[in-house]
Amino acid sequence: MPDFLGHAENPLRAEEWARLNQTVTEVARRSLVGRRLLDLYGPLGPGVQTVPHDEYTGVSPGAVDIVGEQPTATVFADRRRFKTIPIIYKDFLLHWRDIEAARVHHMPLDVSAAAGAAALCAQQEDELVFYGDSKLGHEGLMNATGRLSASLGDFGEPGRGYQVVVEATRKLTEQGHYGPYAVVLSPRLYSLLHRIYEKTGVLEIETLRQLASDGVHQSNRLRGDSGVVVSTGRENMDLALALDMVTAYLGATSMNYPFRVLESLILRIKHPDAICTLEGPSP
């Protein structure tokens with residue numbers, strides 16, 4: 001295990017440490033929304049601090065001929081920047097008395113604090129995915145320069161959810177992004193999809209899932225009534241991952257044991273026009 005995580009001085013036994021890390025992994029997997037629609041690039045290594053970020057514009061078809069001599073437009077980056085990969089982290093504390101009590105009474109170690117720290121890191125990761133970080137100069141899916149947009153209209157009207165996503169996918173298709181598509185909605189809009197679609201006897205969300213084959217998701221990180229439709233695939237966007245979510249021991253303090261849940265990653269948007277945000281007031 002890497003020394004920077006402080007495992008050499010870790011006060012936990014092997015089974016306790018395994019339980020803690022399993023809990024962190026399970027909470028992250030259950031909580032994260034952005035990773036359900038984004039490909040991962042990496043892990044690159046915890047020491048990697050920057051990553052190239054290429055942007056592409058335009059879409060041209062491939063060539064078809066007999067001998068392979070027809071010229072084609074080469075796919076290359078129109079713009080390359082190097083972006084700093086931020087660290088997401090949250091500290092938690094295990095009390096020495098709790099550890100001793102668990103060992104003496106042969107009980108599982110209570111790792112609720114680790115679960116809480118992992119959940120907060122997961123929320124911050126999704127915040128970075130959807131809105132970026134203005135201090136670091138990073139954009140997210142909801143505020144990317146060059147993205148498309150579609151009006152929510154009256155989302156409370158039956159069938160409107162399906163109609164607005166159809167409109168979003170039409171705009172994405174016109175830009176050469178043919179899917180698969182994924183949809184993320186704020187909680188209220190997501191709840192409105194759980195209604196019968198016209199006279200089909202099928203929930204509107206089930207109809208929508210046939211159009212968005214990479215899933216229809218909800219996220220409490222989306223602000224107000226909003227949503228986003230993306231054409232998924234690493235050719236359009238990905239998450240550059242230096243360090244996946246892991247736990248580090250920080251060293252004893254006043255007999256207690258502080259730990260840190262941390263990760264390091266950044267969203268790379270290569271085709272901003274593969275994103276269509278759903279905006280506007282929805283009664």
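No value in this document is a laboratory result; all are computed from the given coordinates. Only a predicted model underlies this, so the values are computations on that prediction, with no experimental measurement involved.
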For the stretch 236-268 and the stretch 96-132, write down the distance between their C-alpha centroids in whole Å. 12 Å
With an 8 Å Cα cut-off and a minimum separation of 6 or more residues, compute the relative contact order for the chain in percent. 30 percent
How long is the gain from residue 93 to residue 202 if the chain were fully straight, where each residue apart is worth 0.36 nm and the alpha carbon distance is subtracted? 34.4 nm
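Filter the DSSP H helices in the chain by two things, a Kyte-Doolittle mean of at least 0.0 and an axial alpha-carbon span of 18 angstrom or more, and list the hits by number. Let's see the in-between values first.
On the way: long enough: 14-31 (26 Å, -0.92); 112-131 (28 Å, 0.48); 160-174 (21 Å, -0.55).
In the chain, the long hydrophobic H runs are 112-131.
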Multiply the residue separation of residue 26 and residue 143 by 0.36 nm, subtract the distance between their alpha-carbon atoms, and state the gained length in nm to one decimal. 39.2 nm
Reachable aspartates and glutamates, given that their alpha-carbon falls under 13 Å from the alpha-carbon of residue 270 and they are not under 8 places away in the same chain: 39, 54, 55, 78, 139, 235, 238
Which lysines does residue 135 reach when only Cα atoms under 18 Å apart count, and residues fewer than 8 places away in its own chain are ignored? 83
